[in-house]
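Here's the structure we're looking at; comments come further down.
Read-outs throughout are calculated quantities, based only on the coordinates presented, and are distinct from any laboratory measurement. Note that the structure is a prediction, hence the values are computed from the model and not measured. All Cβ positions, glycine included, derive from the backbone under ideal geometry; neighbour counts span all protein chains shown.
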């Protein structure tokens, strides 16, 4: 309750420094390759990580402030596909906005001290995300996803 009382109502738009193509692939600058966009976004996320720390917004429940650059980088890296090596079928249907149905998740949870940076994040289809969160073999899958996310990050950086 104290957090709500301390809320000034001021909104902070963290997206002002991002390009339209960072969140909408149709707006992507044709002169910037996917790899270059990923590198730029990943660098921004890394730079923001120390500044942002583990900021939280005052709400009824604390939620970590996520970096849109980190999420956009992971979506770009995924090429619209589930990044789980164990995926048995990513839905080919798109959202109403024409985007792939992917959920960007942290391999090491923010609540457990994981950073909000692309090498700690992975794009998962809803089924793989559910398996990571609720599956009976989730710990084994999490270890596999940790390796996959880091490898995909390094490959994307070139």
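Here the average projected area of the convex hull drawn through the C-alpha atoms of the stretch 57-138 stands at 6.5 nm².
Its Kirkwood hydrodynamic radius, worked out from the mean inverse distance over all distinct Cα pairs, puts the stretch 114-158 at 11.0 Å. For the peptides 65-71, 42-48, the ranking by packing is 65-71, 42-48, with the highest mean count of neighbouring Cβ atoms within 10 Å listed first.
Packing-based ranking of 149-155, 120-126, 109-115 yields 120-126, 149-155, 109-115, ordered from highest to lowest mean Cβ neighbour count within 10 Å.
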